[in-house]
1. Have a look at LYS65, LYS11 and point out the one that is under 14 Å from the mean Cα position of the chain (by Cα) and assigned to a helix (DSSP H, G or I).
2. Name the single residue that is farthest from GLY67 (Cα to Cα) among those in region 1-24 being surrounded by 10 or more Cβ atoms within 10 Å (Cβ to Cβ) and of a type in the set (S, T, N, Q).
3. In region 50-59, how many are closer than 23 Å to LYS11 by Cβ and either aromatic (Phe, Trp, Tyr) or in a helix (DSSP H, G or I) (or both)?
4. Could you grab the pairs with beta carbons closer than 8 Å, sequence gap of 6+ or different chains, first residue in region 41-66 and more than 17 Å from LEU3 (Cβ to Cβ) and at pLDDT below 85, second one open to solvent by less than 90 Å² (accessible area, probe 1.4 Å) and among the aliphatic types (A, V, I, L, M)?
5. Output the number of residues of region 25-49 satisfying the condition of being surrounded by 17 or more Cβ atoms within 10 Å (Cβ to Cβ) and not in a loop (DSSP other than H, G, I, E, B).
Amino acid sequence: MKLGDVRSIAKSHSIKSDHLSKTELIKAIQTEEGNFASFASAYSGECDQADCLWREDCFDVVHHKKGELS
């Protein structure tokens, strides 16, 4: 999902998106929605939240982070 789309969702939850990264925004949205702020934490490559809006982006971020650590 593009950052602009994430910012729109954040705005609908009255979350100010100034100076927040995409990851920080998504975690804030997850918290505001009453969910665990688990975005970008599926380091094992597994996640039981199959219907999560952020699932694809989450795995992309984790994969990228793992590559940086190698």
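The values are calculated or read from the model by the stated rules, or taken from the named source; none is laboratory data. Note that the structure is predicted; figures quoted are calculated from it, not measured. Cβ: placed from backbone, ideal geometry, glycine included. Neighbour counts: every protein chain shown. Accessible surface areas use protein heavy atoms only, side chains included; no ligands, DNA or RNA. Shrake-Rupley method; radii C 1.70, N 1.55, O 1.52, S 1.80 Å.
1. One residue alone meets the criteria, LYS65.
2. SER12
3. 5
4. TYR43/VAL62; GLY45/VAL62; LYS65/ALA40
5. Final tally of qualifying residues: 6.
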